[in-house]
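Peer 1: One structure, pasted below without further comment.
Readers should treat all values here as calculations from the given coordinates under stated rules, not as data from a laboratory. This structure is a prediction, so every number in the text was calculated from the model and none was measured. Neighbour counts are summed over all protein chains in view; Cβ atoms, including those assigned to glycine, are modelled from backbone coordinates with ideal geometry.
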Amino acid sequence: MVTLESTLAAPREAGVVYTKPWMVDLVLDLAGYLPEKRLSDLVALEPSAGDGAFLSAMVKRLVDSCERHGIPLSQAGNALQAFEIDPAAAERAVEVVRATLVALKVPATTAIALARQWIKVGDFL
């Protein structure tokens, strides 16, 4: 029988841990990944993209940074490097990033191209 407890425990047993949005923002703030900086000049590494929680927040900050500094988002193609060992999870992360970009008024073709450029299937090591 499937129970709520077993459903919630399964991802954790598989090594999957989902990060709460407030924790994502705190970590990014502490790391200095702030839109006031020219984030397009940096390379941010996400070694385990998972469901895209960090990536979505990073993308929002990157888009904000590009807008503040008058930099076309197309010049930020190398600003994010995300890796995910599970192909299905990587595809979900691509969709999260694509949807985030589209919600930020990035054209759909640009959004999917950047999402696929930023997220790679494999072990970052």
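Peer 1: Quick one: would you say A76 is out of contact with any Phe, Trp or Tyr (no Cβ under 7 Å at 6 or more places or on another chain), without any contact (Cβ under 8 Å) to a residue 24 or more places away in the chain and farther than 19 Å from P21 by Cβ? Steps first, answer last, please.
Peer 2: Working: out of contact with any Phe, Trp or Tyr (no Cβ under 7 Å at 6 or more places or on another chain): yes; without any contact (Cβ under 8 Å) to a residue 24 or more places away in the chain: no; farther than 19 Å from P21 by Cβ: yes.
Criteria not met by A76.
Peer 1: A further question follows. For the subset of segment 34-55 comprising residues that are of a type in the set (D, E, K, R) and crowded, with 16+ Cβ neighbours inside 10 Å, which member is nearest to K20 (Cα to Cα)?
Peer 2: Keep residues of segment 34-55 that are of a type in the set (D, E, K, R), which gives 36-38, 41, 46, 51.
Filter once more, so that each one left must be crowded, with 16+ Cβ neighbours inside 10 Å: 46, 51.
On the way: E46: 16, D51: 11 Å.
Here the residue is D51.
Peer 1: Are any residues in segment 93-116 surrounded by 17 or more Cβ atoms within 10 Å (Cβ to Cβ) and part of a helix (DSSP H, G or I), and if so, which ones? Spell out how you get there, then give the answer.
Peer 2: From segment 93-116, those surrounded by 17 or more Cβ atoms within 10 Å (Cβ to Cβ) are 93-94, 96-98, 100-101, 106, 111-112, 114-115; that's our starting set.
Scanning segment 93-116 gives A93, V94, V96, V97, R98, T100, L101, A111, I112, L114, A115.
Peer 1: Right, something else. Could you please let me know if D25 is over 13 Å from the mean Cα position of the chain (by Cα) and charged (D, E, K, R)?
Peer 2: On the way: over 13 Å from the mean Cα position of the chain (by Cα): no; charged (D, E, K, R): yes.
Here the answer is no, as D25 does not meet what is asked.
Peer 1: How about segment 103-125: which of its residues are more than 13 Å from L62 (Cβ to Cβ) and among the small types (G, A, S)?
Peer 2: A103, A108, A113, G122
Peer 1: Another question, then. Just checking, how many residues over segment 58-77 are exposed (fewer than 13 other Cβ atoms within 10 Å of the Cβ), of a type in the set (S, T, N, Q) and over 19 Å from A108 (Cα atoms)?
Peer 2: Number of matching residues: 0.
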